[in-house]
Amino acid sequence: MGRRGHKKQKAFKRATVDAVRKARIEKQQGQNGQSTANGDEATADDRPRVSTYEDIVKENALFEKYYKEMHLVPDNEWDAFLAALKEPLPVTFRVTGFRSHAFAVMHLIRERYFQPLESSTAIEKPKELVWYPGSLAWQLNLSRNQLRNFPELQRLKEFLYEQTEHGNISRQEAVSMIPPLVLDIQPHHKILDMCAAPGSKTAQIIECLHRDETNPIPSGFVIANDVDNKRCYTLVHQVKRLESPCFAIINHDASNLPNLKFNDENISFDRILCDVPCSGDGTLRKNPDLWKKWNPGHAFSLQSIQLRIATRGIQLLAPGGLMVYSTCSMNPVENESIVAQLLQTFEGHISLVDISEKLPGLQTIPGLTKWCIMGKNKEVYNSYEEVPPHMQSLARPNMFPPSQDILERLHLERCIRLLPHHQNTGAFFVALFRKLDKTVEVPSTQEETSQKRPAEEITFNEDGANFKRARYHRENPFIFFNENDITGFWQEISEFFGVDPSFPADQMMTRHAADSGRNIYFVSDSLKQIVTLNQDRI
């Protein structure tokens, strides 16, 4: 059969499938007494769906009892809190790039895409996130039906998608924009993102590094780490759109990060983002499957690794430096209990920074000072002494609030929590630490726990690793241009494209010696040092 015959056969099959589908829809509508709007023919989008967002039962008795028991929200706000959790998240985005470029893009969005929506009464208007600097972050509460029925919204959607691919816009959940903002990042800072994938916060950090338009290649840099090799490639895709020469991605266990060399010394980072793996019940609005899976035990299994990661972060922080600890969990076992443990472990060496007023317009509540733990049968424990023996291997002493006299000097109220019903967001937790002086060894605590490897017992060798590094995926080496490369093929390339002779060609590299001239990468001078001195360490 010729090519034309094949096309006719495929077209016939498609027509047959469409006819059968239409008949099924019409039959279903006849049985249910339904009709399509405006008398139009039903389409594939109109047929009944299975397991849609609306189909999932958004109820969990354990969840409700646990958070009601600890008074996470005032009683008169509980219904609004629960109702917000059952609604899908709005679309949020921020405009990226140098400030002048970002303002130009935002002006275009306002004039060409937002203004036509002003006259419509059927569409909810785009809402500015007033706490984000420069009016560059926005929220769109749009349903699938609205996108399909209003051409102007469809054009906006296509524009946002296109500009996201170009790196001019980042689609990012509103609450995840907060940690990089409170870090107050400057172009000269050395920054570590400990659990970076998928990379939206990393991209935001890179943008902060490049805030000075007069200095396109800042002296600062970002080291973005993730333990999952596949997620590291997702991270690469996210941040390469920004075309920055000031970031490196590494694949390592964050709780066991080795010391990295820079200027022949171990790096102490000026800023650290410690956004740890968590149970994620603050993401119920975008992950509704969690409603049927949630139980309080999820936090128990994660607290140990969260504490180890945060402990290693404090050790790698420079004196005077800032570290954000954040989660998308509402459970204090993963939040305030970690903060309290760090403050006690490093007492006198770190302090908790009050960030409640750092972002004017952002509605938050203070960190909790009282909380409880719940077993799988809804039994509630307010202190470790109440925990029965069979539960003591899961519920450890450091999961409960400290004594009142200790609480008063920790100031856990300086942490912030974001709740979904306040500003139509997900739930989130943020704590900001400042390191007061240099400390390497983790001091032991007076209280022993039943945990097999508590963070306070971890010791690190001279390379900053507490056990032999696991085997990870091998990557091609980074090979910087030598003198022969610079005077050879690079000279031909630079002359052809008219590259300024002052361009630092020695900061260019390839991934393989035989690859010279095909794929060429450029990094900052600071990052060249990082790569050169640490290829055998990570």
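A few comments on the model shown:
- Criterion (surrounded by fewer than 17 Cβ atoms within 10 Å (Cβ to Cβ), of a type in the set (D, E, K, R), assigned to a loop (DSSP other than H, G, I, E, B) and not assigned by TED's automatic domain parsing to the domain that holds residue 137) met by exactly one of 376, 358: 376
- Criterion: modelled with pLDDT of 85 or more, under 30 Å from residue 184 (Cα atoms) and of a type in the set (D, E, K, R) - qualifying residue of 94, 112: 94
- Flag for residue 434 being part of a strand (DSSP E or B), charged (D, E, K, R) and more than 24 Å from residue 141 (Cβ to Cβ): yes
- Looking across the range 296-310 at every residue that is within 20 Å of the chain's Cα centre (by Cα), surrounded by fewer than 22 Cβ atoms within 10 Å (Cβ to Cβ) and not charged (D, E, K, R), the one that is farthest from residue 272 (Cα to Cα) is identified as 298.
- Entirely in the range 175-251, the helices (runs of 4 or more DSSP H) that have 2 or more residues that are modelled with pLDDT under 95, crowded, with 20+ Cβ neighbours inside 10 Å and in the same structural domain as residue 415 (by TED's automatic domain parsing): 200-209, 229-239
- If the condition is being touching a residue at least 40 places away in the same chain (Cβ under 8 Å), closer than 23 Å to residue 525 by Cα and within 24 Å of the chain's Cα centre (by Cα), then the range 219-236 contributes 220, 221, 223.
- Enumeration of residues in the range 375-392 that are within 17 Å of residue 295 (Cα to Cα) and of a type outside the set (Asp, Glu): 375, 376, 377, 378, 380, 381, 391
- Answer from 476, 484 - the residue that is polar (S, T, N, Q) and not in a loop (DSSP other than H, G, I, E, B): 484
- Residue in the range 252-279 that is surrounded by the most Cβ atoms within 10 Å (Cβ to Cβ), counting only those that are over 28 Å from residue 303 (Cα atoms) and touching a residue at least 40 places away in the same chain (Cβ under 8 Å): 262
- You will find that of 493, 458, the residue that is within 25 Å of residue 266 (Cβ to Cβ), aliphatic (A, V, I, L, M) and either over 28 Å from the mean Cα position of the chain (by Cα) or modelled with pLDDT under 50 (or both) is 458 and no other.
- Any hit, the range 297-310, residues being closer than 25 Å to residue 220 by Cα, touching a residue at least 24 places away in the same chain (Cβ under 8 Å) and in the same structural domain as residue 377 (by TED's automatic domain parsing): yes
- Verdict on residue 277 being over 20 Å from the mean Cα position of the chain (by Cα) and within 25 Å of residue 185 (Cβ to Cβ): no
The values are calculated or read from the model by the stated rules, or taken from the named source; none is laboratory data. For clarity, every value in this text was computed on a predicted model and none was experimentally measured. Using ideal geometry, Cβ is built from the backbone for each residue, glycine included, and neighbour counts are taken over all protein chains shown.
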